[in-house]
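**Q** Just passing along the structure, written as structure tokens.
The values are calculated or read from the model by the stated rules, or taken from the named source; none is laboratory data. Keep in mind it's a predicted model, so treat the numbers as computed, not measured. Please note: Cβ atoms are built from the backbone with ideal geometry, for glycine as well, and neighbour counts cover all protein chains shown. For accessibility, only protein heavy atoms count, side chains too; no ligands or nucleic acids. Shrake-Rupley method; radii C 1.70, N 1.55, O 1.52, S 1.80 Å.
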Amino acid sequence: MTNVEQLEPVLTRMTELLRLGSRGNWANALEKHRSALSTDPSPTVARILAMFGGMGSLNDVVLYKDGQPMVSENRELDSLRSRLYDLCHGL
């Protein structure tokens, strides 16, 4: 399995978690990139990596529900973020 193929399930799960934590804009962005991977992988990976930089980036997202942090979901999201970053840099 190539790194591009490995990105799809990571992006899919991240999208699910972001929707659970009411982060629809981030979820929509990742869904868009996931859809574009098969037709335009290199520029899409570059756009995904750009989401990691600066204040207010994907690195800063914390999931909340009813004003409380979603502890297990945030741990999973953090793990998936790291995996996504590593896979993108491996391409």
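**Q** Any chance you could count how many residues in segment 27-37 are exposed (fewer than 14 other Cβ atoms within 10 Å of the Cβ) and touching a residue at least 24 places away in the same chain (Cβ under 8 Å)?
**A** 0
**Q** Further, regarding this structure: Select from segment 1-26 the residues that are outside any helix (DSSP H, G or I) and small (G, A, S) and write down the one among them that is most open to solvent (accessible area, probe 1.4 Å).
**A** Among those that are outside any helix (DSSP H, G or I) and small (G, A, S), it is S22.
**Q** Let me ask you something else. Every residue in segment 46-78 that is among the polar types (S, T, N, Q), open to solvent by less than 60 Å² (accessible area, probe 1.4 Å) and not in a loop (DSSP other than H, G, I, E, B), please.
**A** Within segment 46-78, N74 is the sole residue that qualifies.
**Q** Continuing with the same structure: So, D40, is that one at pLDDT below 95 and open to solvent by 30 Å² or more (accessible area, probe 1.4 Å) or not?
**A** Criteria met by D40.
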